[in-house]
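Q: Structure provided below as structure tokens; questions to follow.
The values are calculated or read from the model by the stated rules, or taken from the named source; none is laboratory data. Remember, predicted model here, so these are calculated numbers, not experimental data. Virtual Cβ from ideal backbone geometry, glycine too; neighbours counted across all protein chains shown. Side chains are part of the model used for accessible areas, which takes the heavy atoms of the whole protein and leaves out ligands, DNA and RNA. Shrake-Rupley method; radii C 1.70, N 1.55, O 1.52, S 1.80 Å.
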Amino acid sequence: MKIGVFDSGYGGLTILKEIRKRLPQYDYLYLGDNARAPYGSRSFEIVYEFTLQAVKTLFEKDCHLVILACNTASAKALRSIQQKDLPVINPEARVLGVIRPTAEKITSVTSTRHVGLLATPGTVASRSYYLELQKLAPEIIITEHACPMWVPIVENNEILSPGADYFVKKEIDFIFDKDPLIDTLVLGCTHYPILLPVIQKYIPANVKIICQGPIVAESLADYLVRHPEIETVCSKNSGVEYLTTEHPEKFDHLASLFLGHPVESLTISLKD
């Protein structure tokens, strides 16, 4: 059994990279729905439909543990899939997201208890981080702000362009104008760590940045320890395969930029 990692585009590769660094012994299958990305501005119903298609496909490919390495999918589809679909499709399978472990990390990092979230419009609209923090630490004040231009900047490889500086500075200035007491900034989209060198130029020196890759990797390691019934059936050949709904040449080029090494993928169609 491989561990499946799903994202609407390329950002989940930043999660996969950290997971493989932390847990190199397992086999992984990455699926990117790149042909229909981005999910960030799509409706709850469409994100749920597309995510469920991806989860079913990964189940068919012998992945009975799937990580939604996508904040939008985690926000808009995870709970429905866990509660409504898994008992019917495959009661033994598990689907995990990225929001809960990130929220748990926030509570231990912030000192002022004022937190900023930069994410896609879909994740912000879902209020998922607010709801998780209400359960864990209701005293935390979270300011959520959508950055709709950041994903296109990353996926068009414009990270070093003047436009990247303009849009990064614009959104960071906005969120700190809204709450100057923010001491922890959450990058609530898996694409955003690619922009980290630009982001760091414009945030106050005392502000801590939370990137999700290492957090999700550590959370998965802990999950496997606590669930030996899942861990023992995971294959351990240190392998990784890549599937995309886009043309493989396009995926391979951009994925190589995200991962820092050559990638070879196969094209797949997602359907009900």
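Q: Just grab the label-to-label distance for Leu181 and Lys201, each label 7 Å out from Cα along the Cβ direction, in nm (one decimal).
A: Roughly 3.1 nm, to one decimal.
Q: Please give the net charge around Tyr28, taking every other residue with its beta carbon less than 9 angstrom from that of Tyr28, where Lys and Arg add +1 and Asp and Glu add -1.
A: Net local charge, Tyr28 excluded: 0.
Q: Can you tell me the alpha carbon radius of gyration of the chain divided by the globular rule-of-thumb value 2.2 N^0.38 Å?
A: So the Cα radius of gyration is 0.96 times the expected 2.2 N^0.38 Å.
Q: Using helices alone, I'd like the mean residue ellipticity at 222 nm for the chain: each DSSP H run of four-plus residues gives -39500 (n - 2.57), total over residue count, nearest 500.
A: -13500 deg cm²/dmol
Q: Provide, for region 103-178, the number of lysine pairs with alpha carbons under 25 Å apart, each pair being eight or more places apart or on different chains.
A: 5
Q: Which of the aspartates and glutamates could be linked to Lys2 by a straight reach, that is with a Cα gap under 19 Å, when you skip same-chain ones fewer than 8 residues away?
A: Within the straight-line cut-off, Lys2 pairs with Glu18, Asp27, Asp33, Glu60, Asp62, Glu92, Glu218, Asp222, Glu229, Glu231, Glu241, Glu264.
Q: Further question: Under a Cβ-Cβ cut-off of 12 Å, what is the net charge of the residues other than Phe167 that fall near it, where Lys and Arg count +1 and Asp and Glu count -1?
A: Here the charged neighbours net out to -2.
Q: Let me ask something else about it. Can you give the percent of C-alpha pairs in region 118-216 whose distance is more than 20 Å?
A: Tail of the P(r) past 20 Å holds 35 percent of the pairs.
Q: Related question: Checking the cross-link filter: which lysines have an alpha carbon closer than 18 Å to that of Lys84, excluding same-chain neighbours under 8 positions apart?
A: Answer for Lys84, where 18 Å is the Cα cut-off: Lys56, Lys76, listed by chain and number.
Q: Rounded to whole Å, give me the distance from the Cα center of region 1-68 to that of region 133-184.
A: Centre-to-centre distance over Cα atoms comes out at 24 Å.
Q: Additional query: What are the membrane-span-like helices in the chain by this rule: whole DSSP H runs, Cα extent along the axis at least 27 Å, mean Kyte-Doolittle hydropathy at least 0.5?
A: What comes out of the filter, once short or polar helices are dropped, is none.
Q: Largest first, what is the accessible-area ranking of His64, His145 with a 1.4 Å probe?
A: Most to least solvent-accessible, the answer reads His64, His145.
Q: Oh, and also: Please report the orientation-averaged projected area of region 196-242, defined via the convex hull of its C-alpha atoms, in nm².
A: For the Cα atoms of region 196-242, the hull's average projected area reads 5.5 nm².
Q: Could I ask something else about it? Hey, any idea what % of the chain's accessible area is carbon plus sulfur with a 1.4 Å probe?
A: 55
Q: Turning to a different aspect of this structure: Over the residues of region 192-272, compute the C-alpha Rg and express it relative to 2.2 N^0.38 Å.
A: 1.50
Q: Sticking with this one: What FRET efficiency do you get for His261 and Arg113 if R0 is 45 Å and r is their Cβ-Cβ distance, rounded to the nearest 0.05?
A: 0.65
Q: If you don't mind, there's one more thing I want to ask. Using the heavy atoms of the protein chains alone and a 1.4 angstrom probe, what is the accessible area of the chain per residue in square angstrom?
A: Per-residue accessible area for the chain comes out at 43 Å².
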